[in-house]
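S.K.: I'd like to ask you about the structure that follows.
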Amino acid sequence: MTVTTVRAGMVAPFHVMRILADARRMEAQGIDIVHMEVGEPDFPTPAAIIRAGIEALEKGNTHYTPALGLPALREAIAAYYLQRFDVGISPGRIVITPGASGALQLVLALLAEQNSSVLMADPGYPCNRNLVRLSDAVPIQVPVSRDDNFQLTPAAIVSAWRDDTRLVIVTTPSNPTGSVLTLKALGALRQVVCDEGGMMVVDEIYQGLNYGEAPTTALKLGNDLFVINSFSKYFGMTGWRLGWLVAPEAMIPALDKLAQNLFLAASTPAQHAALAAFEPETEAELERRRCEFERRRDYLADALEGLGFRLGYRPAGAFYLYMDCSAFGMDSDTLARRLLDEAHVAVTPGRDFSEHAPDKYIRFAYTADIDRLKEGVRRIKGLLTA
Ligand SMILES: Cc1ncc(COP(=O)(O)O)c(C=O)c1O
């Protein structure tokens with residue numbers, strides 16, 4: 001018996017989960033699968049963070065922290081913003097959350113009023129639209145394309161704005177496209193949202209995984225933005241479930257109350273472990289990994305373009321390539337299915353990210369080492385040229 005509710009019905013399942021489940025089933029039968037669907041770094045959590053986590057557990061740091069987070073971690077994040085981005089943020093504006101997911105839930109619980117609408121880019125991270133729906137608000141997916149660097153533009157925001165629009169969500173670097181907004185472009189978006197009387201949430205979860213230009217933060221633009229971040233991607237801590245939100249000072253008491261009710265506090269051992277995320281040893285290791293991601297991006301982009309997938313730009317962040325596969329005469333879901341069944345390569349179809357152009361794109365994650373990527377490309381070529 002399948003049990004569902006109206007609320008659960010508002011949320012679409014991730015198609016990639018079906019692909020992943022099938023891939024796991026095939027692996028259990030002894031079939032070797034090249035994974036290019038996974039949205040998390042293949043690298044382990046850096047050693048200093050693991051040591052700090054073990055130490056925290058051994059010292060008995062297993063009780064709740066305050067709902068806003070461990071004061072020492074809020075201070076460490078503020079110091080990181082100052083040292084790395086030259087922006088002064090009061091630790092009092094930082095809320096520690098269970099991943100960027102927790103930060104998104106918190107910010108939407110605060111800002112996505114019932115029956116209001118929330119603008120976001122299509123393609124984009126699927127949880128954004130699902131969580132907006134769960135808040136009884138309405139997601140408005142604004143189509144973006146390669147011509148606008150797969151990001152919202154001031155003109156697109158103005159033309160999509162409705163009387164009930166209150167909020168805009170921007171993700172930079174983006175999932176699934178890896179596209180990055182400059183500070184100037186972010187500033188232009190903030191201005192137009194401000195002129196319309198709305199608020200802006202900037203998801204910077206892939207910050208640090210930047211290639212070419214050094215990373216920046218929307219926090220440089222002023223104190224009125226909500227900025228989401230996480231230890232998951234750049235810091236390699238997906239399973240620890242730890243992220244943060246920077247909010248305007250006046251919103252902190254309300255966020256405190258919501259955090260107490262939504263999750264009480266983020267994981268205590270994870271918060272202690274994350275104190276080691278900003279140590280020089282970790283920083284050096286993360287820089288090595290960033291360079292390796294860049295090398296993989298360059299290899300995979302060239303190799304897939306060579307096979308007929310279209311990219312047409314070099315994504316400046318994250319670890320994804322969102323490739324146009326319309327040259328192959330089948331929709332992306334069918335191609336993703338065939339890649340798994342016949343070539344044993346797992347990828348994510350565009351349907352997970354886009355309601356406007358669900359059939360045209362496939363997301364490749366370069367979260368596998370370069371030899372595995374080469375093997376994946378060899379198999380894809382075999383399928384497409386058979
Ligand atoms: C754009 C974006 N935001 C938020 C998340 C949630 O990440 P986490 O909860 O692990 O920090 C993800 C995960 O893939 C993501 O891609």
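The numbers here are math on the coordinates, done by the rules we state, and not lab data. None of these values were measured; they are calculated from a predicted model. Cβ placement follows ideal geometry from the backbone for every residue including glycine, while neighbour counts extend to all protein chains displayed.
S.K.: Give me the net charge for the shell around VAL11: Cβ to Cβ below 14 angstrom, other residues only, Lys and Arg +1, Asp and Glu -1.
M.R.: Cβ neighbours under 14 Å give a net charge of 0.
S.K.: Of the candidates PRO154, PRO349, PRO280, which one comes out as most mobile in a Gaussian network treatment of the chain with C-alpha springs shorter than 10 Å?
M.R.: Result: PRO280 has the largest fluctuation of those listed.
S.K.: Give me the distance in nm between label points sitting 7 Å out from Cα along the Cα-to-Cβ direction at THR182 and SER145, one decimal.
M.R.: Once both label points are built, they end up 2.3 nm from each other.
S.K.: Using only Cα positions of the stretch 47-279, each an equal point scatterer, no hydration layer, compute I(q)/I(0) via Debye at q = 0.13 Å⁻¹ and quote the log10 values to two decimals.
M.R.: -0.74
S.K.: Further question: Ordered by packing density, taken as the mean number of other Cβ atoms within 10 Å over each peptide's residues, highest first, how do 17-25, 109-117 rank?
M.R.: Most protected by this proxy first, the peptides run 109-117, 17-25.
S.K.: What order do you get for PHE319, PHE328 when you list them from fewest to most C-beta neighbours inside 10 Å?
M.R.: Neighbour counts put them in this order, fewest first: PHE328, PHE319.
S.K.: For the stretch 146-155, in order, what is each residue's ³J(HN,Hα) by Karplus, 6.51 cos²θ - 1.76 cosθ + 1.60 with θ = phi - 60°, in whole Hz (x at glycine and Pro)?
M.R.: For the stretch 146-155, the Karplus-derived couplings read 4, 4, 9, 6, 6, 9, 5, 10, x, 5 Hz, x marking Gly and Pro.
S.K.: According to the square roots a ≥ b ≥ c of the eigenvalues of the Cα gyration tensor, what is the shape class of the stretch 268-325, taking rounded for a/c under 1.5, prolate for a/b larger than b/c otherwise, and oblate for the remainder?
M.R.: On the way: a/c = 4.49, a/b = 2.64, b/c = 1.70.
Cα axes put the stretch 268-325 in the prolate bin.
S.K.: Provide the gained length on full extension for the span SER159 to ALA284, in nm with one decimal, where the gain is 0.36 nm per separating residue minus the Cα-Cα distance. Walk me through the intermediate numbers first.
M.R.: Details: separation 125, 0.36 × 125 = 45.00 nm, distance 4.43 nm.
Extending this stretch completely gives an extra 40.6 nm.
S.K.: Which percent, to the nearest 5, of DSSP beta bridges fully inside the chain are antiparallel?
M.R.: 45 percent
S.K.: Now for a separate question. Given H placed on each backbone N at 1.01 Å, which residues far from VAL118 in sequence or on other chains put an amide H within less than 5 Å of it?
M.R.: VAL138, ILE140
S.K.: Would you please put 283-294, 264-275 in order of how densely packed they are, using the mean number of other Cβ atoms within 10 angstrom per residue and starting with the highest? Intermediate values should be presented prior to the final figure.
M.R.: On the way: 283-294: 15.2, 264-275: 22.1.
Top to bottom by mean Cβ count within 10 Å: 264-275, 283-294.
S.K.: Related question: By average Cβ neighbour count within 10 Å, what is the ranking of 188-194, 377-383 from highest down?
M.R.: Output ranking for 188-194, 377-383: 188-194, 377-383.
S.K.: Another question, then. How high is the relative contact order of the stretch 264-386, in percent, counting Cα pairs under 8 Å that sit 6 or more residues apart?
M.R.: RCO, the stretch 264-386: 23 percent.
S.K.: Where the only charges are on Cβ atoms (+1 Lys, Arg; -1 Asp, Glu), what is the dipole of the stretch 166-320 about its Cα centre, to the nearest 20 debye? Numbers along the way, then the final one.
M.R.: On the way: 15 positive and 18 negative charges, 66 e Å.
Charge dipole, the stretch 166-320, about its Cα centre: 320 debye, nearest 20.
S.K.: OK, next. Hey, fewest Cβ within 10 Å first, where do MET199, MET26 land in order? Walk me through the intermediate numbers first.
M.R.: On the way: MET199 20, MET26 16.
Starting with the residue having the fewest Cβ neighbours, the order is MET26, MET199.
S.K.: By count of other Cβ within 10 Å, fewest leading, how are THR97, THR171 ordered?
M.R.: THR171, THR97
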